[in-house]
Structure formats: structure tokens, C-alpha cells
Amino acid sequence: MFSDLEGKVIIITGAGSGIGKSFAENFGKAKAKVVLNYRSNRHLDEIEAVKQIIHDAGGQAIAVQADIAVEEEVQQLVQAAVNEFGTLDIMINNAGFEKPIPSHKMSVEEWQKVIDINLTGAFIGSREAVNQFLKEDKKGIIINTSSVHDTIPWPNYVNYAASKGGLKLMMETMSMEYAQHGIRINNISPGAIVTEHTKEKFSDPDTRAETLEMIPAKEIGEAQDVANVALFLASDLAKYIHGTTIYVDGGMTNYPAFMGGKG
């Protein structure tokens, strides 16, 4: 179905774990050329495992360490892709960070860390990708991993919610600005998704039951569900989709509390 992705050069930030890892494995299986970004050496084993999966599937992969909150390192990341594979076709700004802190106790440093990674990092990645696309006169693609919390408030995560809300309008603005060049920019906003980071949390019966109350579909999603949307948005099947957010959330954004109403 996604044969048009074969040979495409794709950067995925935060590719060592979670949804980013699933993205990388799936694009690799589509025989793409994948640039696996990671920040910390603690993800090296996972990155090497993903590289092997991609190579076994007939794709190609390189790993590039970079902190996406640092402008120079993102520039080097994009340049590494071009140096290795000669071009850039798709930029996936996936890396993110969250940590619960009550708003009245949140320091400016704690606020800024999440904004720098989730919003500023995605902006730098998008800007550098656009510059490369314009340089090559290419109809490139940018996909940002956002969250249902770009529209649903999240107490104790004010920095995270603000970063994702900002990411939504950043994407829409840049899409409007560069659609005339054939550059497609869209967001994917996951809800509750099982990954290696959340598996333990959702295994707790009380937490699972509480989460399912928020989801009309009454099931928690998997990373593959999000990767499927990324494959679609990166493919020619989505060639007329610009400036859109696709929610992968089992209906979480549709006011599930009203399910029990008698209206």
C-alpha cells in the first residue's frame, strides 16, 4: 500500500522508544531510508535494534545523536541526513517530554524545558526541513507528533498542554505559508497509547479502568495505530491533506462524559 515510500529519506526525532520507535520500524518496513535521532546514550541499544529491523526489512538506517532543543544540533541532524542520503523527503518531529508538576509549584526552568523540547524543537526541525525542501525545490512532508492535549486541558501538565496547543497553531500557520510550494505539514495527536513507557501504568487495573472511562471506544490504543496514520500522511494517498490534525484517540476528544447523559 505504501510502496511510494520506498527509498524516501525520513528523519524521525526521538526514534529510540515509544511511538517514535514504531514510526521507525514501520517506515523501515516500507523500505525507506531512515535517520534515527536519539538524545541520550541510554537509547543506543534500542536504536541498534531498530536499525537491524530496518535493514532486515530491506530499508536503510543511520543513527544521529542530537538534542532537538538545541538549534545547532538540529541543523547538524538535517545535514547528516543530506550528507548520507543526498536529500530529505520527510521530517517527523516526534521527540517530546512530560512530567507532572502542579502549576503553582512549577519553576520557569521546568516550564521552559518542556516548551523547548516539544514546541521550539519541533519549530526548529520544521524550519530546517522547509529550508532543505525549498533549496531542492521539493514537495516535502512534515509530520508532528502532538497529543489530544492540544485541545483537552491537562491539570498538572500546563507546560505540556501549552506546548501541544502551540504546536497545533504552529503547524497550521506553517502549512498555510508553504502549501503553495507543495510542502505538506500535518499533525498526529495520539490519546492513550500503550508503549514500553506506559505499559506498566495501563497494567494497573484502577488506572486502566479510569482511562477507559475517558475513551468512547473503551480500548487503549497501540503505537502501531499511530504509525499507520504516519505512513498514510507520508504517502501519496494523502497528497491533498494540508494543515490537518488527525486524532488517534478512540474518540477521547469527543466529550465522553456525555455518553451517560439522557439528552
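Cβ-Cβ under 9 Å, sequence separation 6+ or interchain: first residue in the range 224-251 and touching a residue at least 60 places away in the same chain (Cβ under 8 Å) and part of a strand (DSSP E or B), partner basic (Lys, Arg) and open to solvent by 30 Å² or more (accessible area, probe 1.4 Å). Which pairs?
Listed by first residue and then by second, the contacts come to 245/168.
So that you can scan it fast, the table gives a plain yes or no per residue for (1) at pLDDT 95 or above; (2) among the small types (Gly, Ala, Ser); (3) out of contact with any Asp or Glu (no Cβ under 6 Å at 6 or more places or on another chain); (4) surrounded by 12 or more Cβ atoms within 10 Å (Cβ to Cβ):
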| site | (1), (2), (3), (4) |
| --- | --- |
| 179 | yes, yes, yes, yes |
| 186 | yes, no, yes, yes |
| 199 | no, no, yes, no |
| 215 | yes, no, yes, yes |
| 222 | yes, no, yes, yes |
| 253 | yes, no, yes, yes |
| 258 | no, no, yes, no |
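Determine whether residue 164 is touching a residue at least 40 places away in the same chain (Cβ under 8 Å) and basic (Lys, Arg).
Judged against the criteria, residue 164 is a match.
Are there any pairs, at least 6 apart or on different chains, whose C-beta atoms fall under 8 Å, with the first in the range 125-145 and over 23 Å from residue 69 (Cβ atoms) and the second part of a helix (DSSP H, G or I) and open to solvent by 60 Å² or more (accessible area, probe 1.4 Å), and if so, which?
As it stands, the answer is 134/181; 139/181, since those pairs meet every condition given.
Could you pull out the residue among 85, 133, 123 that is touching a His at 6+ places or on another chain (Cβ under 8 Å) and on the phi < 0 side of the Ramachandran plot?
133 is the lone residue from the list that is touching a His at 6+ places or on another chain (Cβ under 8 Å) and on the phi < 0 side of the Ramachandran plot.
Report, by residue number, each residue of the range 102-114 that is open to solvent by 20 Å² or more (accessible area, probe 1.4 Å) and not aromatic (Phe, Trp, Tyr).
102, 103, 104, 105, 106, 107, 108, 109, 110, 112, 113
Matching residues to (1) surrounded by fewer than 19 Cβ atoms within 10 Å (Cβ to Cβ); (2) in a helix (DSSP H, G or I); (3) touching a helix residue (DSSP H, G or I) at 6+ places or on another chain (Cβ under 7 Å):
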| position | (1), (2), (3) |
| --- | --- |
| 99 | yes, no, no |
| 117 | no, yes, no |
| 120 | no, yes, no |
| 125 | no, yes, yes |
| 134 | yes, yes, yes |
| 144 | no, no, yes |
| 163 | no, yes, yes |
| 167 | no, yes, yes |
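If a residue has to be in contact with a strand residue (DSSP E or B) (Cβ under 7 Å, 6 or more places away or on another chain) and polar (S, T, N, Q) to count, how many in the range 122-143 make the cut?
The qualifying residues number 1.
For the range 1-77, please list each of the strands (runs of 3 or more DSSP E) lying entirely inside it that holds at least 2 residues being farther than 17 Å from residue 142 by Cα and open to solvent by 10 Å² or more (accessible area, probe 1.4 Å).
60-65
The values are calculated or read from the model by the stated rules, or taken from the named source; none is laboratory data. Remember, predicted model here, so these are calculated numbers, not experimental data. Glycine gets a Cβ as well: all are built from the backbone with ideal geometry, and neighbour counts include every protein chain shown. Side chains are part of the model used for accessible areas, which takes the heavy atoms of the whole protein and leaves out ligands, DNA and RNA. Shrake-Rupley method; radii C 1.70, N 1.55, O 1.52, S 1.80 Å.
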